[in-house]
1. How many residues are open to solvent by 10 Å² or more (accessible area, probe 1.4 Å) and either hydroxyl-bearing (S, T, Y) or within 12 Å of C84 (Cβ to Cβ) (or both) when one looks only at the range 130-148?
2. Can you find a residue that is surrounded by fewer than 19 Cβ atoms within 10 Å (Cβ to Cβ), out of contact with any helix residue (DSSP H, G or I) (no Cβ under 8 Å at 6 or more places or on another chain) and modelled with pLDDT of 90 or more anywhere in the range 109-125?
3. State the number of residues belonging to the range 35-67 that are touching a strand residue (DSSP E or B) at 6+ places or on another chain (Cβ under 8 Å), of a type in the set (S, T, N, Q) and either open to solvent by 40 Å² or more (accessible area, probe 1.4 Å) or at pLDDT below 90 (or both).
4. Considering the range 75-84 alone, what residues qualify as being surrounded by 15 or more Cβ atoms within 10 Å (Cβ to Cβ) and not charged (D, E, K, R)?
5. What about R99, is it at pLDDT 90 or above and open to solvent by 30 Å² or more (accessible area, probe 1.4 Å)?
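The values are calculated or read from the model by the stated rules, or taken from the named source; none is laboratory data. Owing to the predicted nature of the structure, the values given are computational and were not obtained by experimental measurement. In this analysis, Cβ positions are derived from the backbone assuming ideal geometry, glycine residues included, and neighbour counts consider all displayed protein chains. Surface accessibility is based on the protein's heavy atoms, side chains included, excluding ligands, DNA and RNA. Shrake-Rupley method; radii C 1.70, N 1.55, O 1.52, S 1.80 Å.
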Amino acid sequence: MFRRIKRAIRQVLGLSRVRRRKVRSPQPDRANKVIISLINKERKKRHVHTVSYDHTLMKHSRKWSRHMAHIGYLEHSDTIPENCAMVPVGRGSPASIARSCFKCWMNSPGHRAWMMQESLPKNGVTPVIHYVGFAYHIRGQYAYAALAFK
């Protein structure tokens, strides 16, 4: 009885507790596994060594994707080479977003070159990519994604 009175007083005074739905952050582990497996599958077809996950690159990608979602457009950072994408969320699962980003990057010659190690001369030397980190941040109907390389 006392609880009901207490609850009624809180509601009248506008102090009632509102249950907030937890906001789930994107699952970087699942998304990274999917994107790395897609990249390595294509790299094997081209007889290029495979890449591995790097936590530091994932943290950079997470920070950069959050930045792009905040400003509302794609932009490359000046610190680490990365591929950026803005894809419709669709089902919204980490795997589907990773696949959509991969498909966009494979359809772009410049982005594909970075992922597949295709003739990227840097001061006369082709950089060798061993590690990648992928992350995305959702804003509205779109996922802003970054795939960093090292």
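1. Final tally of qualifying residues: 5.
2. Residues of the range 109-125 that are surrounded by fewer than 19 Cβ atoms within 10 Å (Cβ to Cβ), as a first pass: 109-110, 112-113, 116-125.
From the residues that got through so far, the ones that are out of contact with any helix residue (DSSP H, G or I) (no Cβ under 8 Å at 6 or more places or on another chain) too are 109-110, 113, 121-125.
If we keep only those that are modelled with pLDDT of 90 or more as well, we get 109.
Scanning the range 109-125 turns up at least one residue that is surrounded by fewer than 19 Cβ atoms within 10 Å (Cβ to Cβ), out of contact with any helix residue (DSSP H, G or I) (no Cβ under 8 Å at 6 or more places or on another chain) and modelled with pLDDT of 90 or more.
3. Residues that pass the stated criteria total 2.
4. Kept after step one, since they are surrounded by 15 or more Cβ atoms within 10 Å (Cβ to Cβ), are these residues of the range 75-84: 77, 80-84.
Across the range 75-84, the qualifying residues are S77, I80, P81, N83, C84.
5. Numbers: at pLDDT 90 or above: yes; open to solvent by 30 Å² or more (accessible area, probe 1.4 Å): yes.
Considered against the rule, which asks whether it is at pLDDT 90 or above and open to solvent by 30 Å² or more (accessible area, probe 1.4 Å), R99 comes out as yes.
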